[in-house]
1. Go through (1) surrounded by 21 or more Cβ atoms within 10 Å (Cβ to Cβ); (2) among the small types (Gly, Ala, Ser); (3) more than 19 Å from the chain's Cα centre (by Cα); (4) at pLDDT below 95 for residue 282 and report which single condition fails.
2. Return only the number of the condition from (1) among the small types (Gly, Ala, Ser); (2) touching a residue at least 12 places away in the same chain (Cβ under 8 Å); (3) farther than 20 Å from residue 244 by Cα that residue 35 does not satisfy.
3. Take the conditions surrounded by fewer than 24 Cβ atoms within 10 Å (Cβ to Cβ), among the aromatic types (Phe, Trp, Tyr) and more than 19 Å from residue 248 (Cβ to Cβ) and apply them to residue 392. Does it pass?
4. Within region 189-210, is even one residue touching a residue at least 60 places away in the same chain (Cβ under 8 Å) and within 21 Å of the chain's Cα centre (by Cα)?
5. Give region 350-382 a look and list any residue that's out of contact with any helix residue (DSSP H, G or I) (no Cβ under 6 Å at 6 or more places or on another chain) and without any contact (Cβ under 8 Å) to a residue 24 or more places away in the chain, or say none.
6. Restricting to region 398-416, what's the tally of residues that are open to solvent by 10 Å² or more (accessible area, probe 1.4 Å) and either closer than 12 Å to residue 334 by Cα or not in a helix (DSSP H, G or I) (or both)?
7. Of all residues in region 52-63, count the ones that are crowded, with 24+ Cβ neighbours inside 10 Å and of a type in the set (A, V, I, L, M, F, W, C).
8. Tell me, which residue of region 8-51 that is open to solvent by 20 Å² or more (accessible area, probe 1.4 Å) and modelled with pLDDT under 80 is farthest from residue 168 (Cα to Cα)?
Amino acid sequence: MKFFKSTVLTFISNIFGFGISMITTILLSRLLGASGKGVIGVSNNIIAFSMLILGLGFEAANIFFVGKDKKNINNILGYNLIICGFSFIILLIIASIHLVHPINFIFKGIDNRIIILLLFIIPMSLMKSSLINLILGLQDIVRFNKINVLDKIITFILMLISLLVFNSPLYIIFSTLLSTLIIQLILIYIVIVKYNVKPSFNFVFYKKMIGYGAKSQISNTIQMINYRLDVFIINYFLELSQVAIYQNAVSLGEALWQVSGTISTIVFPMTSNSKNIEELKGFINRVSRVTLFFIVICSIFLSIISKPLIIFLFGKEFTDAYIALILLLPGISFFSVSKILANFLAGVGKTEKNIISSSISGITTIILDLILIPRIGINGAAIASSISYIVFTLTSIYFYSRYTKSSFKSICVITKEDMSFIYTEINKFINRKIRKKING
């Protein structure tokens, strides 16, 4: 499938998912209030961190090794099953320790019943993610997007029912468990029946997966610190309500990543399958320039309407989120470039470069969070995140430019030729759709 069509399909899927996510955020904010929304935010943060750390980089390894040789897929599925079993054991140990000696930095304000639900959600989510990434590695973009859309719909419907009937964070987390189980069963059917994949166990091959996955995991774990560690630090120093206010600002800001996130999703398997990196380089440069230009324009507009938009969507209780959002936007805008370049570097096997970039920005995040959050609250978290995003992007550009011999200008500054290219591609896409409708 051509890049443009794949990107459009994935973008539509991502926009649909983002729309549902925003509706969910609005409903949770208005019906649960800042404190209840904070419980959901911290719980989701625990899921995200646990999946990343316990996954041992399997997501990136799945895509990379399926892209290199589709015959690897049976061994990859077996590896993923082992990882999920391993994660459950580790989580059981951590949960048991918390029940005896509370781990307040992570679980402060979280009901023990919710922690038990998370114990089951995380391994199941790992398996769901691994199966989805097998489909992406096979470059079955249509099915990949259909599953993602279905996942969002089922999750939203069950969440809405639990919210309207019980209006409790506990039951909302339980609805997450049910939706994860349903999608996982559908994925198992697709992978085993449709693709005829059966798990096999080759421990020699697993060494290669662990070697690649470990490098990716280190990079992604540190990057997750950039994304989400501030939630735990805010919860530790401030109140759960402040977590909710800050997360709503982040949710609106990260809406701008729908474009770069879509492109980076396609770039990884495309790069790992590519035989002509030099030709791909010119394309990546153009995509980066265009993406940055588009997101900067959207960022300026979002900053102008931020305060009335936040009050309209979430209510006056969340008004303070608009300052945090404005402080986040410079970093979020520039970071859109790094999402594309980092996936290119991962696709050509240069994951260690992403580790270095993540480490530098991760250290920046931790230091600034610990200094700024106790002093100026969620605005300090926003400043810290924005600076760390810029630091990560600058180091990513450095490593990418050294590998591809590209200049900063060729990566970040849009040209007249780019604008002409966009216009031509959009016209082609629209004309194809019109011809397809006319021809029946």
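The values are calculated or read from the model by the stated rules, or taken from the named source; none is laboratory data. From a predicted model like this one, the values you see are computed outputs, not experimental measurements. Positions of Cβ are backbone-derived with ideal geometry, glycine not excepted, and every protein chain shown enters the neighbour counts. The area values use the complete protein model at the heavy-atom level, side chains included, leaving out ligands, DNA and RNA. Shrake-Rupley method; radii C 1.70, N 1.55, O 1.52, S 1.80 Å.
1. (1)
2. Residue 35 satisfies every listed condition except (3).
3. For residue 392, the condition - surrounded by fewer than 24 Cβ atoms within 10 Å (Cβ to Cβ), among the aromatic types (Phe, Trp, Tyr) and more than 19 Å from residue 248 (Cβ to Cβ) - is not met.
4. Within region 189-210 (the criterion being touching a residue at least 60 places away in the same chain (Cβ under 8 Å) and within 21 Å of the chain's Cα centre (by Cα)), the answer is no, since none of the residues qualifies.
5. Across region 350-382, the qualifying residues are 363, 367, 371, 375, 376.
6. Of the residues in region 398-416, 7 are open to solvent by 10 Å² or more (accessible area, probe 1.4 Å) and either closer than 12 Å to residue 334 by Cα or not in a helix (DSSP H, G or I) (or both).
7. Final tally of qualifying residues: 4.
8. Of everything passing the filter in region 8-51, 8 is farthest from residue 168 (Cα to Cα).
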